[in-house]
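Trainee: The structure is given below, and queries will be raised subsequently.
The values are calculated or read from the model by the stated rules, or taken from the named source; none is laboratory data. Everything numeric in this text was worked out from a predicted model, so none of it was measured. Note that each Cβ is placed from the backbone with ideal geometry, even for glycine, and that neighbours are counted across all protein chains shown.
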Amino acid sequence: MSTHFDGSAEEQRALDVYIKLTRCAESVNARINQRLSDLKLTISQFGVLEALYHLGPMHQNELGQKILRSSGNMTMVIDNLCKRGLVERCRNEEDRRYVRVSLTPAGQQLIHDYFPEHVKIVLEEIGVLSPAEQEKLQHLCKKLGLGKVG
């Protein structure tokens, strides 16, 4: 789908790129999310488990920054993971406002067992691109994500 906006060539090109980028990301996430449904996890919940698995316990705000979710959304995501016994919150004794989130043994086991399957799924999705295309896309996404010219 292209833009139907009747603007300059530069405006139309920028809108077309934005539409294609958004549709691509949504499509890939939807296919990966479909595979996560067997675990009864949302993509945000999986992101939290994966971040804690690879980076260790962290503050809820740090988690939100890592997986690009708002603090309100993170509260709900972590609440649901706590209810399932996959993560736990631990308040800092010196500063009661600071709450650290960590994996429980059940959460550790779930992500440990599932992560190799996740890697295979991502490899399938990204595998439609050649290695050179993957590296170029990685570079372009980083540049666009940082919002820097040059």
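Trainee: Among (1) surrounded by 11 or more Cβ atoms within 10 Å (Cβ to Cβ); (2) within 23 Å of THR22 (Cβ to Cβ), there is one condition ILE111 misses while meeting the rest; what is its number?
Mentor: (2)
Trainee: Sticking with this structure for a sec: Only one residue in GLN138, GLN65, GLN45, GLN109 is assigned to a helix (DSSP H, G or I) and either under 18 Å from ALA25 (Cβ atoms) or among the small types (Gly, Ala, Ser) (or both). Which one?
Mentor: GLN138
Trainee: For GLU93, which of the numbered conditions (1) in contact (Cβ under 8 Å) with a residue 24 or more places away in the chain; (2) over 16 Å from the mean Cα position of the chain (by Cα) fails to hold?
Mentor: That leaves (1) as the condition not met.
Trainee: Which one is modelled with the lowest pLDDT among residues in the stretch 18-68 that are acidic (Asp, Glu) and surrounded by fewer than 16 Cβ atoms within 10 Å (Cβ to Cβ)?
Mentor: That would be ASP38.
Trainee: Quick check on this structure: which one of ALA106, ALA132 is on the phi < 0 side of the Ramachandran plot, exposed (fewer than 10 other Cβ atoms within 10 Å of the Cβ) and of a type in the set (A, V, I, L, M, F, W, C)?
Mentor: Residue meeting the stated conditions: ALA132.
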